[in-house]
1. Based on the Cβ-Cβ distance of residue A:109 and residue A:24, what FRET efficiency does E = 1/(1 + (r/R0)^6) give at R0 = 25 Å, to the nearest 0.05?
2. Could you work out how far apart the two model spin labels at residue B:86 and residue A:57 are, taking each label as a point 7 Å from the Cα in the direction of the beta carbon, and quote it in nm?
3. May I ask you to derive the FRET efficiency for residue A:14 and residue A:64 from their Cβ-Cβ distance with R0 = 30 Å, giving the value to the nearest 0.05?
4. Taking a ≥ b ≥ c as the square roots of the Cα gyration tensor eigenvalues, with a/c under 1.5 meaning rounded and otherwise prolate when a/b beats b/c, else oblate, which class fits segment A:19-74?
5. Would you report the distance distribution of C-alpha pairs in chain B as whole percents per 5 angstrom bin, up to the bin with the largest distance?
6. Residue A:74 versus residue B:97, label points 7 Å from Cα toward the beta carbon: distance in nm?
7. Ranked highest first by average number of other Cβ atoms within 10 Å, how do B:72-79, B:32-39, A:53-60 line up?
8. Determine the gain in length on full extension of the stretch residue B:109-residue B:62; use 0.36 nm per residue of separation and subtract their C-alpha separation, reporting nm with one decimal.
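What follows is calculated from the coordinates using simple rules that are stated; it is not laboratory data. Everything numeric in this text was worked out from a predicted model, so none of it was measured. For neighbour counting, all protein chains shown are included, and Cβ atoms are generated from backbone atoms with ideal geometry for every residue, glycine included.
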């Protein structure tokens with residue numbers, strides 16, 4: 001069975017602190033894709049990153065970075081020097097070849113305090 | 001202006017009424033999806049369509065219906081058979097294969113009075 005676990009329900013940090021959002025996934029497939037989405041208060045899900053199971057290189061995009069480790073089935077997301085605009089709910093999701101839906105975690109609500 | 005539009009943004013329904021949520025896209029994406037989001041939960045798939053005139057049930061299709069008469073449009077009807085319809089509904093599109101990125105619309109918040 002496929003499953004995505006985001007154990008952190010809510011996190012609060014003070015502006016400029018670094019924060020890591022955890023994502024653990026379960027699948028028996030060898031080919032799969034992992035995603036992160038951001039949901040600001042407006043409600044729309046904003047795509048952040050897509051990573052396939054064969055690419056374990058870490059990725060950095062500005063203040064955002066992602067750490068993919070197949071050995072621990074984790075795909076963690078770090079925001080460096082957090083800003084108030086980073087306040088949102090962040091979802092991790094899993095996609096499998098031939099399956100048409102995304103398997104979502106329950107999300108982590110991040111609050112950045114000025 | 002391109003992208004995915006959903007209307008209305010807020011919708012109120014009396015018990016026993018059917019309501020239809022609109023989702024339109026001009027991205028020329030083949031696949032379209034409807035998800036439901038409840039507080040504290042992830043998104044759950046209601047229906048999806050990979051091509052015009054074809055659609056498939058997702059995990060929680062009971063009490064919902066859809067149509068896909070045009071590539072650009074994928075309306076969702078919440079029927080009176082849906083016992084707890086109050087939720088946030090998100091439409092998404094996907095361009096290519098099943099593992100390609102899904103892009104989401106702004107959502108419709110449905111409240112049953």
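1. Working: r = 18 Å, r/R0 = 0.71.
Computed FRET efficiency for residue A:109 and residue A:24 comes out at 0.90.
2. Those two pseudo-labels are separated by 4.9 nm.
3. Once rounded, the FRET efficiency stands at 0.95.
4. It comes out prolate by the Cα gyration axes.
5. Computed distribution, short to long bins: 2, 13, 24, 27, 19, 10, 4, 1.
6. 2.9 nm
7. Numbers: B:72-79: 18.9, B:32-39: 21.8, A:53-60: 11.6.
Most protected by this proxy first, the peptides run B:32-39, B:72-79, A:53-60.
8. The residue B:109-residue B:62 span can extend by a further 15.0 nm.
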